[in-house]
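Enquirer: One structure, pasted below without further comment.
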Amino acid sequence: MQATQLELRDIHLPEAIGWWPPAVGWWLLAVVIAGLAVFLYGLYKRLTRKTAVKNARTLLLAIKNNRDLDNAQKLCELSILLRRVSMSISPRSDVASLTGRAWLAFLDSQLKDSRFSSGIGSLLADAPYRQKPLSDAETAELVKLCEDWLKHCTPPVRQGAIHVEKTL
C-alpha cells in the first residue's frame, strides 16, 4: 500500500455537556437551601416574638415598681405596653386599629377567660372617662392581669397561612 492511498480520519469529540437538566446533586442542594431559608425565617420570627415578650416583661416590672407614676399614669403605660407587644406578635393591620371592646376582646383571645372584657381589664378601655381615680388594689390587679397575659400571649394562627413557628 502506498502512503497516499491511506486516509486517516480526524478525532471526533463528543458534544459539549449542556447545563440543563442539572444533576441530582444540584436538585438536592436547591432543596436544602430552600429548607434552610424556611427554617431560618421561622427561627427569626420565633426569636423576635420571644424577645418582644421578654422585653415587655422587663418593662412591666419597671412600670410596676416605678414610685414616680400615679395609678392613672401606670394604667396609661400598661395600655401602651400591651399595644406594643400585640403589634409585635400579630400583624399590625389586625391590631393597630382596635379600640374599646374590640381591643379588649383581642386581649381576651390570649387568655382562657374574659378578664379584659368583663373583669378588671375593662379599665383599659374606660379609664380616660372614669370620674373616680384608680385605687392601688385595682392597679395591682391590672398589673397581675397584664403579667398573665404576657405569659400566655402567642401569635394568632391565621386561616390558610402556614405557621412555621409551630413546627420548630
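Enquirer: Please determine, by comparing only the residues of the stretch 89-127 that are acidic (Asp, Glu) and farther than 22 Å from residue 49 by Cβ, which one is farthest from the chain's Cα centre (by Cα). Let's see the steps before the verdict.
Expert: Going through the stretch 89-127, the residues acidic (Asp, Glu) turn out to be 94, 108, 113, 126.
Checking which are farther than 22 Å from residue 49 by Cβ leaves us with 113, 126.
Values: 113: 23, 126: 29 Å.
Among residues in the stretch 89-127 that are acidic (Asp, Glu) and farther than 22 Å from residue 49 by Cβ, the one farthest from the chain's Cα centre (by Cα) is 126.
Enquirer: What is the one condition in (1) touching a Pro at 6+ places or on another chain (Cβ under 9 Å); (2) open to solvent by less than 60 Å² (accessible area, probe 1.4 Å) that residue 87 does not satisfy?
Expert: (1)
Enquirer: Which of the residues that make up the stretch 68-84 are of a type in the set (S, T, N, Q) and open to solvent by less than 70 Å² (accessible area, probe 1.4 Å)?
Expert: Of the residues in the stretch 68-84, the ones of a type in the set (S, T, N, Q) are 71, 73, 79.
Correct list: 71, 79.
Enquirer: What tally of residues in the stretch 36-83 results from selecting those that are among the charged types (D, E, K, R) and more than 19 Å from the chain's Cα centre (by Cα)? Write out each step before concluding.
Expert: Here is the first cut: in the stretch 36-83, the residues among the charged types (D, E, K, R) are 45-46, 49-50, 54, 57, 64, 67-68, 70, 74, 77, 83.
With the extra rule that they be more than 19 Å from the chain's Cα centre (by Cα), the set shrinks to 64, 67-68, 70, 74, 77.
Matching residues across the stretch 36-83 total 6.
Enquirer: Cβ-Cβ below 9 Å, separation at least six or inter-chain, first residue in the stretch 38-59 and touching a residue at least 12 places away in the same chain (Cβ under 8 Å), second hydroxyl-bearing (Ser, Thr, Tyr) and outside any helix (DSSP H, G or I): which pairs?
Expert: 49/154
Enquirer: Please specify each residue of the stretch 108-134 satisfying the condition of being in contact (Cβ under 8 Å) with a residue 60 or more places away in the chain and either at positive phi or open to solvent by 50 Å² or more (accessible area, probe 1.4 Å) (or both).
Expert: Keep residues of the stretch 108-134 that are in contact (Cβ under 8 Å) with a residue 60 or more places away in the chain, which gives 133-134.
The answer is 133, and nothing else.
Enquirer: For the structure I just gave you, tell me whether residue 105 is free of Cβ contacts under 8 Å to residues at least 60 places away in the same chain, surrounded by fewer than 12 Cβ atoms within 10 Å (Cβ to Cβ) and either part of a helix (DSSP H, G or I) or among the basic types (Lys, Arg) (or both). Give the derivation first.
Expert: Details: free of Cβ contacts under 8 Å to residues at least 60 places away in the same chain: yes; surrounded by fewer than 12 Cβ atoms within 10 Å (Cβ to Cβ): no; either part of a helix (DSSP H, G or I) or among the basic types (Lys, Arg) (or both): yes.
Answer is no for this residue.
The values are calculated or read from the model by the stated rules, or taken from the named source; none is laboratory data. Being a predicted model, the structure only gives us computed values, none of them experimental. In this analysis, Cβ positions are derived from the backbone assuming ideal geometry, glycine residues included, and neighbour counts consider all displayed protein chains. To get the accessible areas, we keep the full protein, side chains included, count just its heavy atoms, and leave off ligands, DNA and RNA. Shrake-Rupley method; radii C 1.70, N 1.55, O 1.52, S 1.80 Å.
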